[in-house]
Each structure stands twice: as C-alpha cells, then as structure tokens.
1. Explain nothing, just the number: dipole magnitude of the stretch 87-176 about its Cα centre with +1 on each Lys and Arg Cβ and -1 on each Asp and Glu Cβ, in debye rounded to the nearest 20.
2. Please sort 56-67, 174-185 by packing, taking for each peptide the average over its residues of neighbouring beta carbons within 10 angstrom, highest first.
3. What is the Cα centroid distance between the stretch 235-273 and the stretch 33-67, reported in whole angstrom?
4. Identify the residues of the stretch 237-256 with backbone N under 14 Å of a label point that sits 7 angstrom from the Cα of ARG216 along the Cα-to-Cβ direction, or state none.
5. Separation between the ARG301 and ARG271 pseudo-spin-labels, each 7 Å from Cα along Cα→Cβ, expressed in nm?
6. Taking the Cα centre as origin and putting +1 on Lys and Arg beta-carbons and -1 on Asp and Glu beta-carbons, what dipole magnitude results for the stretch 156-243, to the nearest 20 debye?
7. Based on the mean of other beta carbon atoms within 10 Å per residue, what is the order of 33-44, 104-115, most packed first?
8. Evaluate the charge dipole of the stretch 287-355 about its Cα centre and quote only its size in Debye, nearest 20, assuming +1 on the Cβ of each Lys and Arg and -1 on the Cβ of each Asp and Glu.
Amino acid sequence: MFSMSDLLVVGSGFFGLTIAERAAHAGRKVTVIERRSHIGGNAYSEIEPTTGIEVHRYGAHLFHTSNEAVWDYVNRFTTFTNYTHRVYSTHAGRVFALPVNLHTINQFFDAAYTPDEARALIREQAGEYNVASARNFYEKGIALVGRPLFEAFFAHYTAKQWQTSPEKLPGDIVSRLPVRYNYDNRYFNDTYEGLPTDGYTAWIERMADHPNIEVRLNTDFFDSTQPWNKESAVGQVPVVYTGPVDRYFDYSEGALSWRTLDFEQEILPVRDFQGTPVMNYPDADVPYTRIHEFKHFHPERATAHSADQTVIMREFSRFADRDDEPYYPVNTSDDRAALLSYRQRAVAEPKVYFGGRLGTYKYLDMHMAIGSALTLWRNELVDSL
Ligand code: UDP
C-alpha cells in the first residue's frame, strides 16, 4: 500500500502541509492523512454565508514573521493584505490600548508621563522582580509591567486562559506580548505582517494542490481499520507526525496538559459591534477572554460584506479532555518532565518525525511551524527520502 508513497504526513496543518509541499515539489509522492473533514488545521476559515464574512473557525489567526525564508515561502501561495493587528482591552468599564504601551500606562494612571518617567514608574512597581531573573509567568509579568498593570490586564485574563497558577506557567508566554514606552500599539513586532488576501483556506488549498500529494480526509492515524494507520505505516514508510505527541505514545508517560477553546458565534443585526477586530476582557466577572469581530480583519472587502450585519465570536478557554481539540500546551514543570520522556521515546521511533504545535508540545505560531518544517525538510528529509 505504501509502494506508491515516499512519505506519509499525519495532519494537514501548516507544519504537515509545508513538508508535503516541499516533498512533492522535489518529486516525491506524499500521502497526507487528516482526521478532520478539512485541511489546514486550526488556520482553516470559511465564508459565513449570510454575511459574506470570513470566519476563522478555530479562533483568529494573524500571520506575522521576521523570517525572510518563511516570508518568501508563504508568498508562493498567497498574497497578503496590509492588515496590522491591534488589540484593545476592556477593563473595569474602560477601554485601554494593548499591548502595554505608553498610552496604556497614561490611560491607566490618568497621567501624561514621558517615556523615561513611565519606565521609572514601572520599574518601581515591579519591586524585586526583573526580567533577566524571572522564573515564571508571574515574576516575568510583574517585572515587565509592574504589579498594578499586571493585576488589571494579565492576572485574571491568564486565570481564564490557563486556569493554572501564573507561578506554574512559563515566563515566555507573557513575553509574547511586547511592552513599549512609546505610542506604538502594533500587537506584533515582526517585519512582515498581513492576512491572506483571498483567505486562509485558499492559501492552504494551494499548498496541497500538487499532483504528487494525495490528501485523505476523515482518516485517523490511530484507527487500525484504515490503511494508513500507525501499526502498518511506522517502519514501512517515513512518517511526519503532527498530532499530539502524548497521543502517539498512547499517553504512556502521562497525559500532557492542553487547553482547548470553545467559541460562541453570533450574527448580529448591526453594522459594527465593537469597532475593532479583537477586544480582550481581562476582568474576572466576564467568562470569556476576548471577542472577535471578523469583518474588521478585512476592511478592504467591505463591499462583499453585509452592510447591516456582523459576525462576532466569544472565546472561552478550558482544559482539554482527550476527545477535545488541543490548542495550547500548558507546559507546567510536570508537563516538561513527561515531555522529556516522550522525546526520548520519539527518537527511538524508526523514521518518524514529530512536528508542529501538537507534535512538539510547543506554543508555535504559524510562521514558526512553517519555519521549523522548512528546516526539517532541508536538514533531514531532503536527502533521506
Ligand atoms: N495575556 C493577558 N492579557 C491579555 C492578552 C494576553 O494576560 O490581554 C496573556 C495570556 O496569558 C495569554 C498570553 O498573554 O495566554 C499570550 O497572549 P497572546 O495574545 O499571544 O495569546 P494567543 O493569541 O496566542 O491566544
């Protein structure tokens, strides 16, 4: 059955599709199996039919990168709009700019601090914590923005998002967000940023559209009744596995903790619900973390959108059960210990390559998944398939 295939890719998110595309481009035959009924992993999006608005089914995906090779690569499949991501945060009935910048600080303290004055204030409010020696999310968050801003914008949002004490979360989760002592409120620092002009699904489909790539939807690697299953594939054909690493080993070293998301979508009879794509809700009395309003991701499509309706999506976070879609690795110290054991088992698997957010248990953004797939292809697979 594998005689026709040089490579089996399990999962069709950005990591899996990048490997499949590179291999196909280099003349190899690739089978991609996907458990869901569509490709693209959580980047998948659809046009909501009554409003004509593109909805990111698994939460908002914003593409950004400073990696030239990744940027060149993704531009083979799609052009990008000049969208620049900005996020606001509604705290105690007032709207503040994110990520924390001089505007946020001056709004919060009702002041007109200069950059140096604000820096001195935050340093004082950080107390004994500093960024270089911070050991976890809590210490790093306070070191970065001081205690009052941490309490207002991070503490409860993070409690909702992770349900894990911030002392147990890694500090690099909080340093995903820049802190700036000027009025720049771009959410990302990267050189390149934008949204795929004709949508995520068109981009993803172009990656998979190659005569050497065969995609099998609704096909679960762990279902032994379908031909591309784990028992019959491993050892017979190189496998790029992008599902959850703990699932691959049947949770032998313990289940890793993952967060999943629930979304509540509503079509509202208003032209504009919140005036911006993403509004965060960092207060404890609001059960969701943020609201997405999708029409604002593509202002250039205004004429294709319903003028008097909008689509919003409230986002709720919770621990994932085994049947839920894993979204975010929690990465506590227990998780990291189990992960080390899984990694030892992974290197012993014959020609199985683990990749992507789920396969590595790393909080990878899209550009990082694509970048690491390009590296795996170049450094290992290109000469070994
Ligand atoms: N975060 C927060 N308040 C916010 C935004 C982010 O406390 O208003 C924290 C939270 O712990 C979150 C992390 O920063 O999980 C990373 O935020 P990001 O917006 O990068 O998360 P993503 O969009 O990947 O869910």
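1. Value, rounded to 20: 300 debye.
2. 56-67, 174-185
3. Centre-to-centre distance over Cα atoms comes out at 14 Å.
4. 237-240
5. A separation of 2.0 nm, rounded to one decimal place.
6. I would put it at about 360 debye.
7. 33-44, 104-115
8. Once rounded to the nearest 20, the dipole reads 240 debye.
Laboratory data are not the source of any read-out in this text; all were calculated from the coordinates shown. Treat the numbers as computed from the prediction; the structure is a model and nothing was measured. No Cβ is skipped: glycine too gets one built from the backbone with ideal geometry, and neighbour counts run over all protein chains shown.
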